[in-house]
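K.L.:
Once you've had a glance at the structure underneath, I'll fire off some questions.
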Amino acid sequence: MATKRLKSKVCLVGEKAVGKTSLVRRYVMNMFDEQYITTIGTRVSKKEVHVSMPDVPRPVQVDMMIWDIMGEKGFRELLKDAYFYGANGILAVADLTRRRTLDDLDDWIDGVEQVVGKVPILIVVNKTDLSSNSQFQERDVAQFAKAYGSEFFLTSAKKGIQVEATFARLAALVVEHQLHET
């Protein structure tokens, strides 16, 4: 029996400077760069992932196309149809040191859902290495995630904390969603 192959588009959304690009770089290349570089438009990375599913005899090979989208509200409204179209999963990213970035995820998630409907979403709170500057607590994230029927992860792209686990979980949710759509 041949390995099942899927192609999946996942989008990272959230305000600027929450660490979306850093999360992708850590996951795809296992690198972190202290220099902040604003994403202009979108940057697409690819990573092949193998996902084991209980009801599938062999691991599913997923070609994940990871779309890192610029965190400007005006940009989101202008180009959301083009950038979110075909998305199979979302990482909605907030910055632990800025409460507003968690609150603003509502608009990002709603923007995606207007284009693609309900897809798997993980709430990601990045920069846990800066927890002494935290502007909200884990219970706030849990409450936010619950409103979307979502799981959440606390990550640090800088230290590599929970980054692999976050993307692996999203890949599993996306595979499950895609297999049950067909």
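Every number in this text was worked out from the coordinates using simple rules, so none of it is lab data. Just so we're clear, the structure is a prediction, and the values are computed from it rather than from any experiment. Neighbour counts are summed over all protein chains in view; Cβ atoms, including those assigned to glycine, are modelled from backbone coordinates with ideal geometry.
K.L.:
So what's the back-of-envelope 222 nm ellipticity for the chain, counting only DSSP H runs of four-plus at -39500 (n - 2.57) apiece and dividing by all residues, rounded to 500?
P.N.:
Mean residue ellipticity, 222 nm, calculated: -11500 deg cm²/dmol.
K.L.:
Sticking with this one: How far, in nm, would the chain grow between ASP129 and ASP110 when pulled straight, counting 0.36 nm per residue and subtracting the alpha carbon separation?
P.N.:
Here the segment from ASP129 to ASP110 would lengthen by 4.0 nm.
K.L.:
Another question about this same structure. Taking the structure as given and computing semi-axes √(5λ) of the Cα gyration tensor in Å, which label from (1) 27, 19, 16; (2) 25, 18, 16; (3) 44, 20, 11 fits?
P.N.:
Comparing each candidate, only (2) matches the computed number.
K.L.:
Among the lysines, which fall within straight-line cross-link reach of LYS46, defined as a Cα-Cα distance under 27 Å, with same-chain neighbours fewer than 8 residues apart omitted?
P.N.:
LYS4, LYS7, LYS9, LYS16, LYS20, LYS73, LYS80, LYS118, LYS127, LYS158, LYS159
K.L.:
Evaluate the relative contact order of the range 5-181 (contact order divided by residue number), counting alpha-carbon pairs under 8 angstrom at least 6 apart; express in whole percent.
P.N.:
Value for the range 5-181: 27 percent.
K.L.:
Please give me the summed charge of the neighbours of VAL62: other residues whose Cβ is under 12 Å from its Cβ, Lys and Arg +1, Asp and Glu -1.
P.N.:
Residues close to VAL62 contribute a combined charge of +3.
K.L.:
Another question, then. Summing Lys, Arg as +1 and Asp, Glu as -1, what charge do residues with Cβ under 14 Å from the Cβ of THR155 carry, THR155 excluded?
P.N.:
That works out to +2.
K.L.:
Taking every DSSP beta bridge that has both residues in the range 5-181, what percent is antiparallel when rounded to the nearest 5?
P.N.:
Of those bridges, close to 35 percent are antiparallel.
K.L.:
Next up: Relative to the first principal axis of the alpha-carbon coordinates of the chain, what is the inclination of helix 138-147, with its axis defined by its Cα atoms, in degrees from 0 to 90 and to the nearest 10?
P.N.:
Compared with the principal axis, the helix lies near 50 degrees.
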